[in-house]
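Asker: Quick one: the structure is below, and I'll ask about it shortly.
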Amino acid sequence: MMKEIKIIKNRSDIGAGTRGSDMGVDAIEIAAINKKSNYFDSFDFEDVITENESIYNKVNNSFAKRIDSVFNQCKRLSNHVKVNLQEGKFPIVLSGDHSSALGTISGIKAANPNKRVGVVWIDAHGDLHSPYTSPSGNIHGMPLSAAISDDNLDCQINDVDRETSELWERMKNIGTPGQKVLPEDIIFFGVRDTEEPEDKQMEKYGIKNYMVAEVRYRGLDVCVNEALDKLSVCDVIYVSFDVDSMDCDMISYGTGTPVPKGFDQHEIIDIINGLLASNKVACLEFVEVNPLLDFKGNKMAETAFEVLEEVTKKVKSL
């Protein structure tokens with residue numbers, strides 16, 4: 001039976017270090033219009049209320065910037081995702097910065113409290129920091145740490161105040177209390193820019209990272225099938241696609257933290273479609289398109305839309 005798709009638009013960039021990813025959703029829509037595609041007329045959508053004005057709040061804890069507003073944003077997004085999943089719909093989430101992933105994962109877990117959730121993280125970054133280890137304090141580098149409920153205190157470098165610590169604990173309990181994902185149920189594709197605390201978490205939990213060179217050497221299908229085999233114990237899978245997983249020199253610098261030597265869009269399409277073929281994927285998310293940083297016009301959004309259009313065809317065929 002064809003899945004009913006719901007587009008969830010989350011125009012928030014307050015978890016990032018650079019403004020502009022809040023415009024990513026609109027940039028993708030503009031790419032569709034310029035391509036003369038009726039994609040965004042074809043599906044129902046919901047807009048998530050944002051708190052982007054909090055960017056002007058100068059009273060911030062530098063170790064978890066705007067954490068109160070990011071908490072609110074993730075809580076809202078979690079509810080959107082949960083309700084749509086409970087209604088039997090397939091959410092495709094279009095977000096600004098990657099802190100949103102905590103909201104999405106929390107919503108998936110809230111809709112499936114007795115099921116094991118797997119995560120495929122297609123990204124240049126591990127996003128396994130916590131307020132205790134983050135060198136920047138930008139929460140888009142922390143969603144997986146909150147999802148696995150591990151602050152990595154062995155690598156602590158920051159003295160976090162009580163208010164921030166309490167808000168961080170609340171973030172870890174969005175949707176359902178406690179851990180949403182087991183660390184061993186996370187698989188990376190394309191992660192190539194990490195700090196030591198993240199490396200230690202990856203080593204501690206044995207998180208598999210299919211780097212670009214490995215995927216090309218061993219074969220994309222081999223790696224995707226191996227990833228699905230590793231997640232065979234999971235009941236549902238969430239796929240998070242950060243556009244910085246793609247090669248910035250080949251595609252575009254239109255993202256907050258571009259990293260060279262990444263995938264091309266065709267590889268991304270094949271990875272996501274291979275995962276979708278398992279029939280376990282419950283939700284897709286696209287993040288970190290920043291048109292303000294794109295010196296090739298709207299190239300990053302155009303490429304993201306190319307991926308979106310192709311993988312949606314796969315979702316509809318399932």
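The values are calculated or read from the model by the stated rules, or taken from the named source; none is laboratory data. Bear in mind that the values here come from a model prediction, so they are computed numbers and not experimental data. Quick reminder, even Gly has a Cβ in these numbers, built from the backbone with ideal geometry, and neighbours come from all protein chains shown. The area values use the complete protein model at the heavy-atom level, side chains included, leaving out ligands, DNA and RNA. Shrake-Rupley method; radii C 1.70, N 1.55, O 1.52, S 1.80 Å.
Asker: For segment 5-21, in order, what is each residue's ³J(HN,Hα) by Karplus, 6.51 cos²θ - 1.76 cosθ + 1.60 with θ = phi - 60°, in whole Hz (x at glycine and Pro)?
Answerer: Per residue, the Karplus-derived 3J(HN,Hα) values read 8, 10, 8, 10, 9, 10, 8, 10, 10, 6, x, 9, x, 10, 6, x, 6 Hz.
Asker: What's the carbon and sulfur percent of segment 141-236's accessible surface, probe 1.4 angstrom, rounded to a whole number?
Answerer: 44
Asker: Out of the chymotrypsin sites (Phe, Trp or Tyr not before Pro) in segment 238-318, which ones are loop residues according to DSSP with at most 15 other C-beta atoms within 10 Å?
Answerer: Loop-located and lightly packed - Phe295.
Asker: Can you give the FRET efficiency to the nearest 0.05 for Leu182 and Ile33, using r as the Cβ-Cβ distance and R₀ = 41 Å?
Answerer: E between Leu182 and Ile33, to the nearest 0.05, is 0.50.
Asker: Please give, to one decimal in nm, the separation of the simple spin-label points placed at Asp159 and Asp235, each 7 Å out from Cα toward the Cβ.
Answerer: Taking the simple label geometry, Asp159 and Asp235 are separated by 4.5 nm.
Asker: Okay, moving on. Under a point spin-label approximation (7 Å from Cα along Cα-to-Cβ), what is the Ser42-Asn279 distance to one decimal in nm?
Answerer: Output for this residue pair reads 2.3 nm.
Asker: Same structure, new question: Percent of accessible area on segment 11-81 owned by carbon and sulfur, 1.4 Å probe?
Answerer: Taking all protein chains in place, segment 11-81 shows 52 percent carbon and sulfur surface.
Asker: Still on this structure: Using a probe radius of 1.4 Å on heavy atoms only, what accessible surface per residue do you get for segment 18-60? Whole Å² is fine.
Answerer: 62
Asker: Taking every pair of alpha-carbon atoms in segment 179-318, give the share separated by more than 22 Å as a whole percent.
Answerer: 40
Asker: What lysines could a cross-link reach from Lys296, if we take a straight Cα to Cα line under 28 Å and drop same-chain neighbours fewer than 8 places away?
Answerer: Answer for Lys296, where 28 Å is the Cα cut-off: Lys9, Lys35, Lys36, Lys261, Lys313, listed by chain and number.
Asker: Next question, about the same structure. Across 5 Å bins from the origin, how do the percents of Cα pairs in segment 20-100 run, short distances first?
Answerer: Pairs per bin, as whole percents: 3, 12, 20, 20, 18, 13, 8, 4, 1.
Asker: For segment 74-232, what Kirkwood radius comes out of the mean inverse Cα-Cα distance, in Å?
Answerer: The Cα-based Kirkwood calculation yields 16.2 Å.
Asker: Could I ask something else about it? Of (i) 131; (ii) 116; (iii) 140, which is the value of volume of the Cα convex hull per residue in Å³ derived from the coordinates here?
Answerer: Correct label is (ii).
Asker: Something else now. Under 5 Å between amide hydrogens, which residues at least 5 positions from Leu182 or on another chain qualify, with H placed 1.01 Å from N in the peptide plane?
Answerer: Distant-sequence amide H within range of Leu182: Val117.
Asker: Also, quick follow-up: State, to one decimal in nm, how far the label point of Asn225 lies from the label point of Asn57, with both points 7 Å from Cα in the Cβ direction.
Answerer: So the two model labels end up 5.0 nm from each other.
Asker: Non-local amide H neighbours of Ile8 (under 5 Å, H modeled in plane, Pro and chain starts lacking H): which ones?
Answerer: The list, which skips near neighbours in sequence, is Glu46, Ile92, Val93, Leu94.
Asker: Counting pairs of alpha carbon atoms under 8 Å apart in space and at least six apart in sequence, what relative contact order in percent does segment 1-77 give?
Answerer: Dividing the mean separation by the residue count of segment 1-77 yields 39 percent.
Asker: In percent, what relative contact order does segment 233-272 have, based on Cα pairs under 8 Å that are 6 or more apart in sequence?
Answerer: Relative contact order, segment 233-272: 37 percent.
Asker: Calculate the translational D of segment 59-166 in whole µm² s⁻¹ from Stokes-Einstein, where the hydrodynamic radius comes from the Kirkwood formula applied to all Cα pairs, the temperature is 10 °C and the viscosity 1.306 mPa s.
Answerer: It diffuses with D of about 109 µm²/s by this estimate.
Asker: In Å², what does the accessible area per residue of segment 111-248 work out to with a 1.4 Å probe?
Answerer: Dividing the accessible area of segment 111-248 by its residue count gives 39 Å².
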